[in-house]
1. If Asp192 satisfies all but one of (1) assigned by TED's automatic domain parsing to the domain that holds Gly268; (2) of a type in the set (D, E, K, R); (3) in contact with a Pro (Cβ under 8 Å, 6 or more places away or on another chain), what's the number of the condition it fails?
2. Against the conditions (1) modelled with pLDDT of 95 or more; (2) assigned to a loop (DSSP other than H, G, I, E, B), where does Ala127 fall short? Just the number, please.
3. Given (1) assigned to a helix (DSSP H, G or I); (2) in contact with a helix residue (DSSP H, G or I) (Cβ under 7 Å, 6 or more places away or on another chain); (3) in the same structural domain as Gln73 (by TED's automatic domain parsing), where does Glu166 come up short, assuming only one miss?
4. Taking segment 217-238 on its own, how many of its residues are touching a residue at least 60 places away in the same chain (Cβ under 8 Å) and outside any helix (DSSP H, G or I)?
5. For residues that are surrounded by fewer than 19 Cβ atoms within 10 Å (Cβ to Cβ) and aliphatic (A, V, I, L, M), tally how many sit in segment 67-105.
6. Using the structure shown, decide if His189 is part of a helix (DSSP H, G or I) and either at negative phi or among the small types (Gly, Ala, Ser) (or both).
Amino acid sequence: MTAAATSTSRRKVVLAAVLLISLAVAKRSGALEQVWGLLTGHNIPVSGAPVAATHGKLSEHNLEWLKTQQPQQQAEFLLGAAINHDEGATNAIAALVDGWHGQLRRTKKWQDLEMTALYSNDLRVRAAAIEVNLAVNNLDKTDEQVSRLIEGAEQIPTNRPWMAWELGMLANRGVQPQRIHNLLVSWLHDSDQQTRYWAVEGLAHMGTDQTINDFLAVFRDEVSADVRERAGCSLAKSGMLTREQRMKAVPGLLDLAEDSALNATTRGWVYQALREISDQSIPNDPGAWRDWYAAHGSERAARFHQGDQQQVLGNN
């Protein structure tokens with residue numbers, strides 16, 4: 001071994017001895033645990049204020065980048081930003097959506113974004129999804145467009161499920177809501193189960209008080225469990241009804257809970273809807289629910305009225 005190598009070995013031995021002595025001292029003093037905590041991610045010191053729990057905001061860079069993109073990229077980016085509750089995203093959609101008509105495609109990414117947005121806990125995001133859907137399908141928000149869809153449904157009844165979905169969206173945007181409501185209610189009695197199912201979905205998009213009794217009637221009279229389930233979901237959390245509107249369904253749901261003709265599965269959905277609408281955890285007991293509603297129903301409705309009308313119980 002050379003002199004240089006011997007010198008290096010001696011330094012390593014001395015360094016190891018120093019480290020062992022230091023670790024022993026650190027262990028006795030508690031410093032070792034502090035150092036280990038830092039190395040492993042525990043006991044990391046916090047400095048500054050906590051991160052604010054507020055929504056993000058579209059940056060100037062985002063807005064400049066959007067100007068360089070094609071409509072498809074704009075729509076998909078902004079719908080994703082709306083789902084993320086980025087401030088300014090829904091406003092940007094409203095400003096650009098009319099120019100997207102006829103220029104968008106039904107991509108897998110768009111379909112995934114639409115389904116997520118339609119179950120957002122914010123009705124503004126759901127409304128933005130409706131606007132983008134109409135743009136993707138190049139459906140104008142006009143009386144003439146409604147007439148064309150209805151004529152197509154009369155000529156080809158198998159197209160009614162898709163027509164019901166889109167007609168409900170048009171009604172939500174203020175295009176012939178009464179005419180569309182009357183048509184969708186008539187389709188609730190169609191012999192085709194899929195037509196009835198999508199008529200419920202179309203009514204859910206509308207978000208009007210009229211639809212509450214429609215859903216309650218489906219819950220009571222519909223032979224298909226799938227259709228009944230969609231009516232329950234439309235009352236509880238999906239679609240465009242506000243939380244205040246959903247509270248108006250509680251008396252009818254209480255009546256259904258006491259209906260001996262209702263099967264056990266549907267009665268279970270009734271109680272699920274009651275819990276989701278009221279934000280109240282009560283067992284499947286009609287008497288307990290009636291007592292709660294008598295004592296607190298108006299108070300809960302007032303709370304929803306005073307709160308953010310755009311916030312609903314969604315899946316997000």
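1. (1)
2. (2)
3. (3)
4. Initially, segment 217-238 is screened for residues touching a residue at least 60 places away in the same chain (Cβ under 8 Å), giving 236-238.
In the following step, the residues that additionally are outside any helix (DSSP H, G or I) were identified as 237-238.
Within segment 217-238, residues that are touching a residue at least 60 places away in the same chain (Cβ under 8 Å) and outside any helix (DSSP H, G or I) number 2.
5. 3
6. Working: part of a helix (DSSP H, G or I): no; either at negative phi or among the small types (Gly, Ala, Ser) (or both): yes.
Spelling it out, it is not the case that His189 is part of a helix (DSSP H, G or I) and either at negative phi or among the small types (Gly, Ala, Ser) (or both).
The rows are residues; the columns are (1) touching a residue at least 24 places away in the same chain (Cβ under 8 Å); (2) of a type in the set (Asp, Glu); (3) out of contact with any Ser or Thr (no Cβ under 7 Å at 6 or more places or on another chain); (4) over 30 Å from Thr158 (Cα atoms).
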{"position": "Trp198", "(1), (2), (3), (4)": "yes, no, yes, no"}
{"position": "Ala204", "(1), (2), (3), (4)": "yes, no, no, no"}
{"position": "Arg243", "(1), (2), (3), (4)": "yes, no, yes, yes"}
{"position": "Gly252", "(1), (2), (3), (4)": "yes, no, yes, yes"}
{"position": "Asp255", "(1), (2), (3), (4)": "no, yes, yes, yes"}
{"position": "Glu258", "(1), (2), (3), (4)": "yes, yes, yes, yes"}
{"position": "Tyr271", "(1), (2), (3), (4)": "no, no, yes, yes"}
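The values are calculated or read from the model by the stated rules, or taken from the named source; none is laboratory data. Worth saying up front: this structure is predicted, and the values here are computed from it rather than measured. We place every Cβ from the backbone using ideal geometry, glycine too, and count neighbours over all the protein chains shown.
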